[in-house]
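Peer 1: One structure coming up, written as structure tokens, with questions to follow.
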Amino acid sequence: METPYKLFMLISVYLVYDGLYQVSAQSGPNVCSRQVTYYTRERDCAYRDWLSCRYYRYFLKAYFRTESKCCSGYKNVGGRCEPVCFGMTGRQGCSNVGNCEGPDTCRCDSAYRGPQCNNSNYHDPGA
């Protein structure tokens with residue numbers, strides 16, 4: 001009866017380790033983290049005779065991990081947290097004529113202006 005329990009604990013430890021690896025893989029600027037506590041139910045032999053364990057005691061063991069995700073206003077693009085401008089990342093949120101510098105903040109190319117770079121600075125003198 002001990003062997004299946006040991007196998008279960010080995011699998012549980014692997015899953016905890018695997019979860020830690022995946023969660024903490026994202027790092028860099030614009031990444032927000034939080035500490036998460038979770039508990040597992042474990043058992044130990046409380047009374048053993050010469051043949052085997054007769055009574056088990058159960059207890060909760062606390063595990064801690066840090067979860068990381070993109071901060072508000074940023075989206076995970078290829079493992080990096082990129083700013084979102086008006087629902088899109090990159091130049092698309094800035095009418096393809098500017099760069100998204102921060103959440104809903106475009107830096108327009110020299111010939112364009114406006115929050116989404118959709119107004120041209122060009123003025124036709126003949127009009």
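Peer 1: Search segment 89-127 for residues being loosely packed, with under 13 Cβ neighbours inside 10 Å and among the aliphatic types (A, V, I, L, M), and hand back the single one that is modelled with the highest pLDDT.
Peer 2: Across segment 89-127, the extreme among qualifying residues is Ala111.
Peer 1: May I ask you to verify whether Ser110 is over 35 Å from the mean Cα position of the chain (by Cα) and part of a loop (DSSP other than H, G, I, E, B)? Full working, then the answer.
Peer 2: On the way: over 35 Å from the mean Cα position of the chain (by Cα): yes; part of a loop (DSSP other than H, G, I, E, B): yes.
Answer is yes for this residue.
Peer 1: Still on this model: Which of the following residues is outside any strand (DSSP E or B) and among the small types (Gly, Ala, Ser): Ser72, Ser68? Give the derivation first.
Peer 2: Working: Ser68 fails: outside any strand (DSSP E or B).
Only one candidate qualifies: Ser72.
The values are calculated or read from the model by the stated rules, or taken from the named source; none is laboratory data. For clarity, every value in this text was computed on a predicted model and none was experimentally measured. Neighbour counts run over all protein chains shown; Cβ positions are idealised from the backbone, glycine included.
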